[in-house]
């Protein structure tokens with residue numbers, strides 16, 4: 001193999017800086033979440049003219065990266081070159097191929113949240129307050145560009161969820177104004193005036209959804225076979241066919257169903273899967289005790305992980321539990337807000353859990369609490385916090401990775417790791433080895449199997465939302481409300497196949513590169529976490545390279 005070329009390495013380093021900056025220019029919210037606070041308070045220009053300019057420069061950068069293919073580079077930098085190519089291709093796919101900014105109003109509403117500036121004190125309140133003011137002042141221009149860009153006919157589920165998200169934003173802005181008024185009174189009146197203008201523009205946006213888009217809405221939202229196949233490449237570096245992906249998902253679904261049925265048959269009295277899961281769902285907190293019990297589970301899983309010693313826990317580690325913000329509750333059951341890889345303002349994470357909505361009927365409230373029963377919440381805590389997302393991002397922060405590896409976040413590696421951790425925890429005896437702990441882990445695994453298969457069905461096989469809902473209910477043993485929410489999510493988030501895909505790829509890598517004893521598992525886990533969050537299609541190449549020194 002030729003020695004690495006210093007010229008090629010210098011060229012790659014220069015393109016790396018420009019490619020990452022170019023990505024953050026299009027997605028400043030991504031930059032802020034990653035801890036790059038020089039992008040605080042920015043909203044991108046998403047007009048057709050502005051994004052055409054962005055695509056032209058992305059194509060130029062892609063040409064430079066492809067010219068480096070085959071040039072002598074160290075193995076790790078050759079992988080970084082491909083990461084940068086996928087980073088730019090992914091954004092280009094969203095703009096040009098999938099045309100997401102032309103068909104999905106939710107993308108604009110996600111961008112105008114202020115949560116990133118309130119979730120943790122990464123900087124003095126003055127700096128964060130000024131960033132919030134800049135963003136809110138930019139909202140009218142941003143939403144006007146959205147109105148000008150969006151197609152005249154939009155998918156019905158996108159409109160439904162946009163209305164739900166948008167109606168929650170004024171309350172979110174009011175909470176932020178209250179915090180600014182308490183801590184930065186000199187800024188309060190300017191923020192109030194900007195908030196009023198932002199909310200007026202938001203109301204115009206929502207009115208347009210109701211009066212112009214709703215009457216013409218379409219049930220069509222599918223990516224189609226070709227774009228779905230392309231998505232697997234630009235997000236995960238995978239050439240796997242959709243047929244192969246579906247076969248792997250079905251195999252895992254059936255394996256999990258058989259194991260769950262065996263657990264049910266071994267119970268007393270020997271019963272059905274539905275009876276076993278119903279017994280788990282009856283063990284739930286009251287609406288008032290939901291979050292306090294999650295906090296208890298958080299400490300339990302941390303203690304358990306320290307005792308098992310199957311992956312390093314970087315310190316300092318601190319995580320708090322909060323209610324999911326109102327504007328996000330229609331899309332999330334629980335989620336993790338971890339400090340980004342560039343964050344210098346501390347390591348605290350925020351674990352969001354969606355509470356019962358007091359406006360729901362008593363029957364619907366009970367249905368939600370059953371879906372958030374204690375065994376399920378313990379499993380979710382493993383996924384979201386220890387040893388799942390939060391621990392994963394602590395590793396990413398301390399990793400001496402390249403700029404490319406700190407920037408690229410593969411959905412299937414991120415979610416696949418957390419989903420893999422659920423299975424790992426059961427293998428390692430969490431919950432005292434009780435069958436109910438494995439049963440709810442399998443239930444969540446079935447949910448993720450259904451996501452993969454429904455994603456393929458909705459986007460490549462003509463499956464309807466009603467058929468998707470029925471699939472979740474039948475194959476995943478879900479109740480009506482959660483099943484309906486899951487099917488709708490698949491309409492705008494085809495990538496929710498990433499949980500099962502990522503888990504299966506990590507398990508395949510573990511079978512090739514790790515033993516079964518704890519020390520071997522720990523070495524394997526620490527090593528794959530040291531890679532950052534790479535596309536799962538690159539795991540074999542990364543593991544084949546010699547471990548980094550030190």
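None of the figures in this text is laboratory data; all of them are computed from the coordinates on show. Quantities reported herein were computed from a predicted structural model and do not represent experimental measurements. FYI the Cβ positions are ideal-geometry reconstructions off the backbone, even for glycines, and counts take in every protein chain you see.
Things to note:
- Extension gain, residue 518 back to residue 182 (0.36 nm per residue minus Cα-Cα distance, nm): 115.9 nm
- Correct choice for percent of Cα pairs over 41 Å apart that was computed from the model, options (i) 27; (ii) 56; (iii) 20: (iii)
- Inter-probe distance in nm under a simple model that places probes 7 Å from Cα toward Cβ, at residue 461 and residue 217: 2.6 nm
- Each peptide in 431-438, 274-281 gets a packing score, the mean of other Cβ atoms within 10 Å over its residues, and the list from highest to lowest is 274-281, 431-438.
- Inter-label distance, nm, simple model (7 Å from Cα along the C-beta direction), residue 323/residue 204: 3.2 nm
- For residue 296 and residue 17, a Förster radius of 56 Å and the Cβ-Cβ distance give a FRET efficiency of 0.80, rounded to the nearest 0.05.
- Each of residue 66 and residue 258 was given a label point 7 Å from its Cα along the Cα-to-Cβ line. The distance between the two points is 4.5 nm.
- Spatial separation of Cα centroids for the range 494-527 and the range 100-145, in angstrom: 36 Å
- Sorted on the mean count of surrounding Cβ atoms within 10 Å across their residues, most packed first, peptides 439-451, 207-219, 190-202 read 439-451, 190-202, 207-219.
- Each residue of the range 460-503 gets 79 Å³ once the volume of the Cα convex hull is shared out per residue.
- The packing ranking, built from the mean of other Cβ atoms within 10 Å per residue, places the peptides 416-424, 250-258 in the order 416-424, 250-258, highest first.
- Beta bridges per DSSP with both ends in the chain, % antiparallel, nearest 5: 35 percent
- Using just its DSSP H runs of length 4 or more, each adding -39500 (n - 2.57), the chain gives a mean residue ellipticity at 222 nm of -21000 deg cm²/dmol after division by all residues.
- Förster radius 41 Å - calculated FRET efficiency between residue 540 and residue 303, Cβ distance, rounded to 0.05: 0.75
- Placing a label point 7 Å from the Cα of residue 50 along the Cα-to-Cβ direction, the residues of the range 135-169 with a backbone N closer than 11 Å are 138-146.
- Distance between the C-alpha centres of the range 291-337 and the range 151-216: 30 Å, rounded to the whole angstrom.
- Additional length obtainable on full extension of the chain from residue 250 to residue 38, 0.36 nm per residue less Cα span: 71.8 nm
- Global form of the range 6-225, assessed from the alpha-carbon gyration tensor, a/c cut-off 1.5: oblate
- In a fully extended conformation the segment linking residue 278 and residue 196 would gain 24.8 nm over its present Cα-Cα distance, using 0.36 nm per residue.
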